[in-house]
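Below you'll find the structure, written out as structure tokens, and then a few comments.
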Amino acid sequence: MQHNNSNMVTKILLLGFQNLQSFKIYFFLLLLIIFCITICGNLLIILVVAYSRSLHSPMYFFLTQLSFLDILLTTTIVPNMLHNVLYEGSFVSFIGCLIQYYFFAGSEALECLLLSVMSYDRYQAICNPLHYTSVMDLTFCIKAVLMCWVMMFAVLLTLSVAMSHLDFCGPNIIDHFFCDLDPIVELSCSNTFFMKIEDIILAIPFVLCPFTVIIVSYVYIIVTILNISSVTGRQKTFSTCSSHLAVVSLYYGSLLSIYLFPNMNNAKKILSLLYTVVTPLLNPIIYSLSNRDIKQAFTKLKSKMSNAFFK
């Protein structure tokens, strides 16, 4: 079906969180504080790992990649959300909406892949410690991260090609605080059946397969930990993967819960807040508070910076 260009969607109205009334200033300030803490916390993780030689290991290399992704996701979602909350809705260009979705989809796909690589790292460290350094060497780590990035760009290319075949002629209203796939597709006046099928197919290698790798890895990890005779040994071994397990539980718990509320917009908004705003905030907090090595490295870095500043 052909459509006149004048009827094509050029601007999108994001409704965001309606009827906040007197709470919108407090919500705005809360989001602003979370945004600042998230950026600073993840930048600090990257800085501490880069500074400390004792943290130059696969686990912390992957952690810096995770922190970079959290910064990318936060800067993609939160600035526009702040404007949305303050003015109780905001207009974005259609192209800007698509770009936001592509960055969001890419960072989410890459985070799923990266979390699975990190779980494989924990599996090798706990279940195969004698061969850990030979398996998880620098070459493997770089190849794994590069492969994740290549796969992410493949997702973006696939989505871009699929979107280019859709016509968007109205309406131009999205009842969400950012441009997600389902709300965008609902604006299309083309047949979106194949787009939805493609979305399901892409979820297999980028959501289901990484989640399966994580589950299988932790099954082996738990079995190995249970076979350790001493309670102290079990606790010490479990502590090496507790931070990653907490992050995985938070991320996948909120992400998968979206599918439990397919027709409840308010519930979807709240759950979307968890994995787009709260998770990037908590990731550096979880890793820094429960990780002795990072706390020690941070203390040394702070001491060195203080000495340099007051000289």
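The values are calculated or read from the model by the stated rules, or taken from the named source; none is laboratory data. Quantities reported herein were computed from a predicted structural model and do not represent experimental measurements. Neighbour counts are summed over all protein chains in view; Cβ atoms, including those assigned to glycine, are modelled from backbone coordinates with ideal geometry. Each accessible area value is taken on the protein alone, full model and side chains, heavy atoms only, with ligands, DNA and RNA left out. Shrake-Rupley method; radii C 1.70, N 1.55, O 1.52, S 1.80 Å.
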*Members of segment 53-78 that are farther than 22 Å from residue 112 by Cβ and open to solvent by less than 10 Å² (accessible area, probe 1.4 Å)*: 55
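Answer yes or no: is there a residue in segment 59-67 that is closer than 26 Å to residue 17 by Cα and either more than 19 Å from the chain's Cα centre (by Cα) or aromatic (Phe, Trp, Tyr) (or both).
Here is the first cut: in segment 59-67, the ones closer than 26 Å to residue 17 by Cα are none.
No: zero hits.
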*asked:* On the basis of being closer than 30 Å to residue 223 by Cβ, surrounded by 15 or more Cβ atoms within 10 Å (Cβ to Cβ), in contact with a His (Cβ under 7 Å, 6 or more places away or on another chain) and in contact (Cβ under 8 Å) with a residue 60 or more places away in the chain, does residue 90 make the cut?
replied: no
*Out of all the residues in segment 102-122, is one or more free of Cβ contacts under 8 Å to residues at least 60 places away in the same chain, farther than 24 Å from residue 203 by Cα and of a type outside the set (D, E, K, R)?*
no
*Would you be able to tell me the number of residues in segment 223-251 that are open to solvent by 50 Å² or more (accessible area, probe 1.4 Å) and within 25 Å of the chain's Cα centre (by Cα)?*
5
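Given the options 164, 188, name the one that is closer than 13 Å to residue 98 by Cβ, buried (at least 16 other Cβ atoms within 10 Å of the Cβ), at pLDDT below 90 and over 23 Å from the mean Cα position of the chain (by Cα). Don't jump to the end; show me each part of the working.
On the way: 164 fails: buried (at least 16 other Cβ atoms within 10 Å of the Cβ).
Every option except 188 fails the conditions.
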*Starting from residues that are under 13 Å from residue 277 (Cα atoms) and under 18 Å from the mean Cα position of the chain (by Cα), keep the ones in segment 22-40 and report whichever is most open to solvent (accessible area, probe 1.4 Å).*
37
*asked:* If I filter segment 135-142 for residues that are under 26 Å from residue 253 (Cα atoms) and surrounded by 15 or more Cβ atoms within 10 Å (Cβ to Cβ), do I get at least one hit?
replied: no
*Working only within segment 191-207, note down all residues that are open to solvent by 80 Å² or more (accessible area, probe 1.4 Å) and either touching a helix residue (DSSP H, G or I) at 6+ places or on another chain (Cβ under 9 Å) or under 27 Å from residue 237 (Cα atoms) (or both).*
194, 196
*Say we look at segment 1-40 and pick out the residues that are over 15 Å from residue 177 (Cβ atoms), part of a helix (DSSP H, G or I) and not hydrophobic (A, V, I, L, M, F, W, C); which of these is modelled with the highest pLDDT?*
38
_If I go through segment 167-185 residue by residue, how many of them are open to solvent by 30 Å² or more (accessible area, probe 1.4 Å) and part of a helix (DSSP H, G or I)?_
1
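Out of 134, 164, report the one residue that is without any contact (Cβ under 8 Å) to a residue 12 or more places away in the chain, of a type outside the set (A, V, I, L, M) and within 20 Å of residue 11 (Cα to Cα). Give the steps one after another, and end with the answer.
Values: 134 fails: within 20 Å of residue 11 (Cα to Cα).
Unique residue meeting the criteria: 164.
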*Just one of 81, 118 is under 22 Å from residue 292 (Cα atoms), modelled with pLDDT of 90 or more, open to solvent by less than 20 Å² (accessible area, probe 1.4 Å) and assigned to a helix (DSSP H, G or I); which is it?*
118
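Tell me the residue from 285, 215 that is within 23 Å of the chain's Cα centre (by Cα), open to solvent by 30 Å² or more (accessible area, probe 1.4 Å) and free of Cβ contacts under 8 Å to residues at least 24 places away in the same chain, please. Lay out the reasoning, then the answer.
Numbers: 285 fails: free of Cβ contacts under 8 Å to residues at least 24 places away in the same chain.
None of the others qualify; the one that does is 215.
Go through the residues of segment 115-127 one by one and say whether even a single one is within 29 Å of residue 87 (Cα to Cα) and in contact with a helix residue (DSSP H, G or I) (Cβ under 8 Å, 6 or more places away or on another chain). Lay out the reasoning, then the answer.
We begin by selecting, within segment 115-127, every residue within 29 Å of residue 87 (Cα to Cα); these are none.
No, the conditions are met nowhere in segment 115-127.
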